[in-house]
Amino acid sequence: MTTHRIRIATRSSRLALWQAEHVASLIRSAAADVAVDIVHIRTEGDANQTDPLRQFGGTGVFTREVQVAVLNRQCEIAVHSLKDLPTESADGLMLAAVPGRAPRCDALILPSDVSPISRLSELKAKARIGTGSPRRQAQLLHWRSDLWTEEIRGNVETRIRKLDDGEFDAIVLAEAGLRRLGLADRISLLLEPPVMFPAVGQGAIGIECRTDDTVTQTILNNISNVSVTRCVTAERTLLADLRAGCHAPLGAWTELDGDELTLTAVLLSANGEHRLEATETGSAAEPESIGSAVARALLTAGGEELVRT
């Protein structure tokens, strides 16, 4: 017998739908008496497939319309890639759950007729790399200043098609998305720290609901992962304290060891020439203090100038 209904607001890309279906499955397993439906929402980021994200709003372009669907009671929850979700919650909404996290690293993808490589140095000189992320661009340029980084838009499949059609020598995508879509065989090289630090929240799914919807909050609490939540809380606090926005050249890596949580972050200039790194270890029960400490260390080392540029 159904006692509650949860409608999930999500973007319509194949990856977004995978995430929504995954969350629906978790809810059904945790609460068999809850009916779950998925509602497709078109966002500004989906509608504009040509301009660089930072030119038409950047932060929130993949989340605003999905959030509105929850606020106007068209849906009960919104499912996001957590790396796209602004650190400041929209009025009336809360980040109610973060389930288990997928692999966090970025991946270098080469054309289908090119063999995988074992290190970034093996890329040919002045290779054209497709990525619209300032974080990825800056870290690539830090290690290989000769590379040409170029804007690329579209869903995962569209970007891979552009690569195979010869528009780029390589592209960079999140490992999590590739694995979720069954495209792990296209990974040519995993870009792991210290070469490339992932985005804040990368690999994690964020689930929002209304602050006044206590029934849904209780259900979502049953599918949230405490360890992952602590890690992403430290990362998101770092981002919020830097006031950097989700498209800043900032990368973060968290590690849990028992009751201790370690956060390492890098902040770069857009051209990759300047790179700051800071690390803090503390109690996993106080992730906000760890995130704030790393933010202070980066700002003290000159990060304020890098955030503004």
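Every read-out reported here was derived from the displayed coordinates using simple, explicitly stated rules and does not represent laboratory data. All of these numbers come straight from a predicted model, not from anything done at the bench. When we count neighbours, we look across all protein chains shown, and the Cβ atoms used for this are built from the backbone with ideal geometry, even at glycine.
From the phi of every residue in region 107-119, what ³J(HN,Hα) in whole Hz does the Karplus formula 6.51 cos²θ - 1.76 cosθ + 1.60 yield, where θ is phi - 60° and glycine or proline is x?
Karplus values, whole Hz, x for Gly and Pro: 9, 8, 10, 9, x, 4, 9, 10, 6, x, 10, 9, 7.
Specify, per residue and in Å³, the volume enclosed by the convex hull of the alpha carbon atoms belonging to the chain.
Taking only Cα atoms, the chain has a hull volume of 129 Å³ per residue.
Before anything else, pin down the relative contact order of region 231-309: Cα pairs under 8 Å, at least 6 apart, normalised by residue count, whole percent.
Reported as a whole number, the value is 34 percent.
Once the convex hull of the C-alpha atoms of region 89-180 is built, how many Å³ does it hold per residue, rounded to a whole number?
Each residue corresponds to 133 Å³ of Cα convex hull volume.
For the chain, what relative contact order do you get, as a whole percent, if you take Cα pairs closer than 8 Å and at least 6 residues apart?
Worked out over the chain, it gives 20 percent.
Please compute the modelled spin-label separation between residue 273 and residue 18, points set 7 Å along Cα→Cβ, answer in nm with one decimal.
It is 3.9 nm.
Need the C-alpha centroid separation for region 216-255 versus region 277-309, integer Å.
Answer, in whole Å: 14.
Please state, rounded to one decimal and in Å, the Kirkwood hydrodynamic radius that region 108-249 gives when every pair of distinct Cα atoms enters the mean of 1/r.
Its Kirkwood hydrodynamic radius stands at 17.0 Å.
Take every DSSP beta bridge with both residues inside the chain and express the antiparallel ones as a percent of the total, to the nearest 5.
The antiparallel fraction comes to roughly 70 percent.
Kirkwood hydrodynamic radius, computed over distinct alpha-carbon pairs, for region 194-305: how many Å, to one decimal?
One decimal place: 14.8 Å for the Kirkwood radius.
For region 172-237, report the translational diffusion coefficient in µm²/s to the nearest whole number, using Stokes-Einstein at 10 °C, 1.306 mPa s, and a Kirkwood Rh over Cα pairs.
The calculation lands on 111 µm²/s.
Got a sec to turn the phi values of region 63-75 into Karplus ³J(HN,Hα) couplings, 6.51 cos²θ - 1.76 cosθ + 1.60 with θ = phi - 60°, whole Hz, x for Gly and Pro?
Values, residue by residue: 10, 4, 5, 5, 5, 4, 4, 7, 4, 8, 6, 6, 9 Hz.
Looking at region 196-309, what % of its DSSP beta bridges pair antiparallel, to the nearest 5?
Counting only bridges with both partners in region 196-309, antiparallel ones make up about 100 percent.
Loop only per DSSP, at most 15 neighbouring Cβ atoms within 10 Å: give me the GluC sites (Glu not before Pro) in region 166-247, ordered by residue number.
167
Are there trypsin sites (Lys or Arg not before Pro) in region 168-198 that DSSP marks as loop and that have at most 16 other Cβ atoms within 10 Å, and which are they?
In loop regions of region 168-198 (DSSP not H, G, I, E or B), there are no sparsely surrounded trypsin sites (Lys or Arg not before Pro).
Work out Dmax and Rg for region 266-309 from the C-alpha atoms and quote the Rg first, both in angstrom.
Taking only Cα atoms of region 266-309, I get Rg and Dmax of 11.7, 36 Å.
What net charge do the residues around residue 82 carry, taking every other residue with its C-beta under 13 Å from that of residue 82, with Lys and Arg at +1 and Asp and Glu at -1?
Taking every other residue near residue 82 into account, the sum is +1.
Quick one: net charge around residue 267, please, counting Lys, Arg +1 and Asp, Glu -1 for every other residue with C-beta under 11 Å from its C-beta.
Within the 11 Å Cβ shell, the charges total -1.
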